[in-house]
């Protein structure tokens with residue numbers, strides 16, 4: 001996880017006067033600029049999956065031979081900057097490319113390209129770097145100001161969270177991991193939705209709006225779009241042309257449900273409108289995929305937002321009160337969590353769900369209790385979200401308060417404290433040490449290792465530094481209870497649930513390997529000789545790297561599971 005710096009205008013164009021951004025894009029048609037925007041986002045996709053940045057290749061793609069002198073100047077200057085700061089430079093960034101696309105979509109109306117190609121390339125580059133610079137300057141200014149009262153590694157941790165949280169879920173991902181996780185969650189949700197009359201009604205309304213009479217019909221229409229995008233590899237952006245046949249109009253209407261509408265501005269905090277509509281219309285019946293990540297996340301992640309919006313439009317007797325809480329608590333934190341985790345760790349000495357523990361008379365019970373020999377793992381399952389305005393704020397005070405209220409404790413208006421994951425885990429850790437769980441007391445506490453795990457359901461919580469922050473809160477809570485970290489009480493760990501879906505073949509029926517990997521993670525992040533960002537890495541990031549050599553087998557298993565889910569939900573593709 002090497003540190004990187006985003007290239008801005010002033011770093012390579014020095015004292016050149018900065019013009020209004022629209023002047024750099026004048027004389028370039030909307031159609032050209034939208035394609036450029038999609039290409040820039042696509043290039044980020046390649047980098048995300050290859051895990052590397054090649055600025056020589058970026059500049060080679062950007063500038064033709066007519067700009068070879070400027071291209072070489074820029075490349076040599078970037079090499080010099082990298083040498084001086086000992087940090088890798090990024091030219092193209094996901095946030096920059098998405099912001100570029102938003103700006104063009106909302107502001108550019110020109111229909112004809114008037115600029116010569118050499119000037120067009122240079123002006124595009126300058127305009128793009130101005131967008132980069134604006135993003136970085138605003139984030140850094142706020143992050144620095146709001147962490148001034150911190151010092152040492154605490155400040156490094158806070159700065160990492162401030163600078164990265166807003167964009168982390170659009171970076172550093174494996175598209176196959178995303179696809180399997182989204183598809184598996186959707187499959188579980190389809191099964192779960194049939195258990196509630198009101199939820200079934202809401203889902204049917206959603207499908208009806210898409211002219212689909214069932215989830216099967218929806219998947220038959222939508223999955224081929226995803227598979228077509230993934231099948232092309234790293235060749236180019238994807239354009240979808242609707243075949244002209246008897247289903248032409250119906251298929252066109254279906255795709256246009258996922259298309260940005262020209263009449264509406266799309267610039268929004270956290271790219272919410274592009275997330276919801278990841279296609280744009282090139283020509284009649286022809287659509288371009290803006291970002292394959294957002295396309296795949298329409299399967300489940302965006303579906304939850306769509307259902308919440310739709311729920312608000314229903315008649316009162318059909319609405320689900322507090323739908324977000326209903327789905328988070330009943331589906332994510334219970335149905336989904338238990339179905340996957342119990343299938344992974346089924347062969348352990350003792351496995352008790354929260355419901356089973358509650359039935360013994362225990363309140364404030366853990367969501368899952370596992371003991372295998374001398375390893376005990378306490379799980380808290382938390383399907384939490386951070387508001388877009390908070391995560392994009394780069395303000396450590398705002399961000400840390402929001403995280404604390406979700407993961408440590410929430411102070412109510414009347415002053416009462418509502419315990420969250422960290423407090424709940426320490427409470428149940430105490431119960432383990434005191435042997436108060438009636439279902440399991442046949443162990444010697446001197447021989448135990450107790451692992452406390454918080455499971456979350458959003459990739460943004462893999463942001464570097466968050467697990468460090470949680471450990472600091474965990475230590476505070478232990479201290480308040482007369483305890484401390486030792487060989488028995490291990491630090492708290494934060495895990496994005498997707499790990500259990502994609503890496504199931506690694507840890508299935510092997511809770512001891514899971515615990516051993518947690519131990520190795522703690523050793524790794526405590527090494528002083530590694531660079532700071534490596535000490536801030538998430539457990540998911542560490543786990544992926546540790547088992548990278550087995551990736552081919554894992555990916556094959558993922559493909560097989562996708563096919564199994566497809567057959568279960570829709571039959572043969």
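The values are calculated or read from the model by the stated rules, or taken from the named source; none is laboratory data. Predicted model only: the values in this text are computed from it and were never measured. Quick reminder, even Gly has a Cβ in these numbers, built from the backbone with ideal geometry, and neighbours come from all protein chains shown.
For the reader, a short list of remarks on this structure follows.
- Which numbered condition residue 28 misses (of (1) crowded, with 16+ Cβ neighbours inside 10 Å; (2) at pLDDT below 90; (3) assigned to a loop (DSSP other than H, G, I, E, B)): (2)
- Residue ID - nearest to residue 290 (Cα to Cα), chosen from residues in the range 207-233 that are at pLDDT 95 or above and not in a helix (DSSP H, G or I): 210
- Checking residue 199 against (1) farther than 18 Å from residue 275 by Cα; (2) without any contact (Cβ under 8 Å) to a residue 40 or more places away in the chain; (3) assigned to a helix (DSSP H, G or I), the condition it does not meet: (2)
For (1) touching a residue at least 40 places away in the same chain (Cβ under 8 Å); (2) under 20 Å from residue 345 (Cβ atoms), each residue gets a yes or a no:
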{"site": "382", "(1), (2)": "yes, yes"}
{"site": "391", "(1), (2)": "yes, no"}
{"site": "394", "(1), (2)": "yes, no"}
{"site": "402", "(1), (2)": "no, no"}
{"site": "435", "(1), (2)": "no, no"}
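- Considering 156, 136, the condition of being in contact with a strand residue (DSSP E or B) (Cβ under 6 Å, 6 or more places away or on another chain) and either assigned to a helix (DSSP H, G or I) or closer than 22 Å to residue 456 by Cα (or both) is satisfied by 136 alone.
- Checklist (1) farther than 30 Å from residue 264 by Cα; (2) touching a residue at least 40 places away in the same chain (Cβ under 8 Å) applied to residue 129, failing item: (1)
- Positions within the range 396-410 being closer than 25 Å to residue 518 by Cα and part of a helix (DSSP H, G or I), in sequence order: 400, 403, 404, 406, 407
- Scanning the range 257-294 for residues that are in contact with a strand residue (DSSP E or B) (Cβ under 7 Å, 6 or more places away or on another chain), in contact (Cβ under 8 Å) with a residue 24 or more places away in the chain and assigned to a loop (DSSP other than H, G, I, E, B), we see that the one that is surrounded by the most Cβ atoms within 10 Å (Cβ to Cβ) is 290.
- Qualifying residues in the range 341-379 (those that are assigned to a helix (DSSP H, G or I) and under 28 Å from the mean Cα position of the chain (by Cα)) - the one surrounded by the fewest Cβ atoms within 10 Å (Cβ to Cβ): 343
- Of all residues assigned to the range 95-116, none qualifies as being in contact with a strand residue (DSSP E or B) (Cβ under 8 Å, 6 or more places away or on another chain), loosely packed, with under 13 Cβ neighbours inside 10 Å and in contact (Cβ under 8 Å) with a residue 60 or more places away in the chain.
- Summed over the range 308-322, residues that are under 22 Å from the mean Cα position of the chain (by Cα) and surrounded by 18 or more Cβ atoms within 10 Å (Cβ to Cβ) total 0.
- Residue match in the range 236-256 (condition: surrounded by 13 or more Cβ atoms within 10 Å (Cβ to Cβ), closer than 30 Å to residue 329 by Cβ and in contact with a helix residue (DSSP H, G or I) (Cβ under 9 Å, 6 or more places away or on another chain)): no
- If only residues of the range 139-153 that are part of a helix (DSSP H, G or I) and more than 26 Å from the chain's Cα centre (by Cα) are counted, the one that is farthest from residue 14 (Cα to Cα) is 152.
- Inclusion of residue 393 among residues that are over 22 Å from residue 443 (Cβ atoms) and not in a helix (DSSP H, G or I) is warranted.
- Residue in the range 167-180 that is in contact with a strand residue (DSSP E or B) (Cβ under 9 Å, 6 or more places away or on another chain) and either touching a residue at least 12 places away in the same chain (Cβ under 8 Å) or not in a helix (DSSP H, G or I) (or both) present: no
- Restricted to the range 452-554, the set of helices (runs of 4 or more DSSP H) holding at least 3 residues that are surrounded by fewer than 21 Cβ atoms within 10 Å (Cβ to Cβ) comprises 466-480, 504-507, 511-525, 532-535, 539-546.
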